[in-house]
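**Q** Please see the structure below; I have some questions.
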Amino acid sequence: MIRLTSLAFAVLCGFYGNASLAQSSGLKLTDALKIGGDGGWDYISFDPGRQTLYMAHGSFISAVDLKTGLASPHLADAKGAHIALPVHGGLDLLITQGKADSVTINDAATGAVKAEIRTDAKPDAAIVEPVTGLAFVMANKGGALDAIDLTTSTLAGRVDVGGAAESGAVDGQGLVFTHLEDRNAFVTVDARTLKIVATHPLDDCEEPSGMAFVPNGRLILSACQNGIARVSNADTGAEVATLPVGAGPDAALYDARTNQGYIPSRDGKLTVISFAGVPHVIDTVTTGSGARTATLDTATGRIFLPTAEFGPEDPKTGKPNILPGTFKVLVVSR
């Protein structure tokens, strides 16, 4: 069920009249890239220049070259890695080492460590802010954003955000956004001054994870663990819409080419959201169980979702076991 603010509802009624919102995005599952390797995974990143995907698996990083189809199931060792983010024009990777309270700069081709930078506790997501060129690392347990100078591979500063920082986005004009998953809120930080601009509550959104910035209307798209996507005004925090998504969402993407957002979820659903007019769901694409994170090729619109094959449920954890050697990346495209 879609719940909108009263203003949004009025606009929606005027814009669509009585027409059905049911549409098709044209997206479908088109490929599955076999990577191999064991264990779970977190964020997936895409380097458009090298046409390479990088996946963080906690104790290691894997990669696949889309030009050749060659996979590197174990590119680099890691200590609780959450993301391997291409930096320096794709020559290197910034890897968050969640169990070591640091980030490393690794050679993207060989996986060799070039530098290590201490951070606040449990660095998780990371994003590069284009105006300053700084990389911002979300230190989840440290309650901070750590700014990394990529030129010198040093800590440039930190921002105490007052909660568990989770995921991030930038507006391309000097602002950085992150969720506070323990406070159901999002924070806006000025990348130039390393100061908090505002903290906005996310009513109805529980444990926000994935985040995307939508330039069209200056919106924040948040994936919420209670099975909704919340769309907020990035400047005021005002709720624009709440939209139904699958169970266990853990990423949010925005495609400027189509003016659409995507929320993948653990139950194998990719929710497609149109930002034409009032944000609304136009499609749900079946992907695969466990495909809860994703990345986007902005040039082609391809969406890449890591997952694996699963066996019986583990009686200790209550979660299905990941079958050894079955890790793969699903491809959704038109």
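The values are calculated or read from the model by the stated rules, or taken from the named source; none is laboratory data. These figures come from a predicted structure and were not determined experimentally. Reconstructed Cβ throughout: ideal geometry from the backbone, glycine too, with neighbour counts over all protein chains shown. To get the accessible areas, we keep the full protein, side chains included, count just its heavy atoms, and leave off ligands, DNA and RNA. Shrake-Rupley method; radii C 1.70, N 1.55, O 1.52, S 1.80 Å.
**Q** Could you list, in sequence order, the residues of region 112-142 that are touching an Asp or Glu at 6+ places or on another chain (Cβ under 8 Å), under 14 Å from Ala100 (Cα atoms) and of a type in the set (D, E, K, R)?
**A** Matches in region 112-142: Arg118, Asp120, Lys122, Asp124, Lys141.
**Q** Also: Can you find even one residue in region 261-272 that is more than 14 Å from Ser167 (Cβ to Cβ) and over 18 Å from the mean Cα position of the chain (by Cα)?
**A** The answer is no; no qualifying residue exists.
**Q** Tally up the residues in region 55-69 that are within 13 Å of Val329 (Cα to Cα) and either surrounded by fewer than 18 Cβ atoms within 10 Å (Cβ to Cβ) or among the aromatic types (Phe, Trp, Tyr) (or both), please.
**A** 2
**Q** Residues that are touching a residue at least 24 places away in the same chain (Cβ under 8 Å) and of a type in the set (D, E, K, R): list the strands (runs of 3 or more DSSP E) wholly contained in region 86-129 that include at least 1 such residues. Lay out the reasoning, then the answer.
**A** On the way: elements: 92-97, 102-107, 113-118, 123-128.
By residue number, 113-118, 123-128.
**Q** Shifting gears a bit: For region 272-292, enumerate the residues that are of a type in the set (Ser, Thr, Tyr) and buried (at least 24 other Cβ atoms within 10 Å of the Cβ).
**A** Result: Thr287, single match.
**Q** Taking region 155-173 as the search range and keeping residues that are among the β-branched types (Val, Ile, Thr) and not in a loop (DSSP other than H, G, I, E, B), which one is surrounded by the fewest Cβ atoms within 10 Å (Cβ to Cβ)? Reasoning before the result, please.
**A** Going residue by residue through region 155-173, those that are among the β-branched types (Val, Ile, Thr) are 159, 161, 170.
Within this subset, residues satisfying the condition of being not in a loop (DSSP other than H, G, I, E, B) are 159, 170.
Working: Val159: 24, Val170: 19.
Of everything passing the filter in region 155-173, Val170 is surrounded by the fewest Cβ atoms within 10 Å (Cβ to Cβ).
**Q** Exactly one condition in (1) in a loop (DSSP other than H, G, I, E, B); (2) open to solvent by 10 Å² or more (accessible area, probe 1.4 Å); (3) more than 20 Å from Ser45 (Cα to Cα) is not met by Gly246; state its number.
**A** Unmet for Gly246, out of (1) in a loop (DSSP other than H, G, I, E, B); (2) open to solvent by 10 Å² or more (accessible area, probe 1.4 Å); (3) more than 20 Å from Ser45 (Cα to Cα): (2).
**Q** Tell me the residue from Val189, Val176 that is touching a residue at least 40 places away in the same chain (Cβ under 8 Å), hydrophobic (A, V, I, L, M, F, W, C), out of contact with any Gly (no Cβ under 7 Å at 6 or more places or on another chain) and not in a loop (DSSP other than H, G, I, E, B), please. I'd like the intermediate steps shown before the answer.
**A** Working: Val176 fails: out of contact with any Gly (no Cβ under 7 Å at 6 or more places or on another chain).
Exactly one of Val189, Val176 is touching a residue at least 40 places away in the same chain (Cβ under 8 Å), hydrophobic (A, V, I, L, M, F, W, C), out of contact with any Gly (no Cβ under 7 Å at 6 or more places or on another chain) and not in a loop (DSSP other than H, G, I, E, B), namely Val189.
**Q** Just checking, which of Arg230, Arg266 is open to solvent by less than 10 Å² (accessible area, probe 1.4 Å), over 30 Å from Gly157 (Cα atoms) and not hydrophobic (A, V, I, L, M, F, W, C)? Spell out the reasoning first.
**A** On the way: Arg266 fails: open to solvent by less than 10 Å² (accessible area, probe 1.4 Å).
Arg230 is the lone residue from the list that is open to solvent by less than 10 Å² (accessible area, probe 1.4 Å), over 30 Å from Gly157 (Cα atoms) and not hydrophobic (A, V, I, L, M, F, W, C).
**Q** Filter region 191-202 for residues that are in contact with a strand residue (DSSP E or B) (Cβ under 6 Å, 6 or more places away or on another chain) and either more than 17 Å from Glu166 (Cα to Cα) or open to solvent by less than 10 Å² (accessible area, probe 1.4 Å) (or both) and give the result.
**A** Matches in region 191-202: Ala191, Leu194, Val197, Leu202.
**Q** Look through Gly89, Gly17, Gly37, Gly49 and report the one residue that is modelled with pLDDT under 95, over 27 Å from Gly142 (Cβ atoms) and exposed (fewer than 14 other Cβ atoms within 10 Å of the Cβ).
**A** Numbers: Gly89 fails: modelled with pLDDT under 95; Gly37 fails: exposed (fewer than 14 other Cβ atoms within 10 Å of the Cβ); Gly49 fails: modelled with pLDDT under 95.
Of the residues listed, the single one that is modelled with pLDDT under 95, over 27 Å from Gly142 (Cβ atoms) and exposed (fewer than 14 other Cβ atoms within 10 Å of the Cβ) is Gly17.
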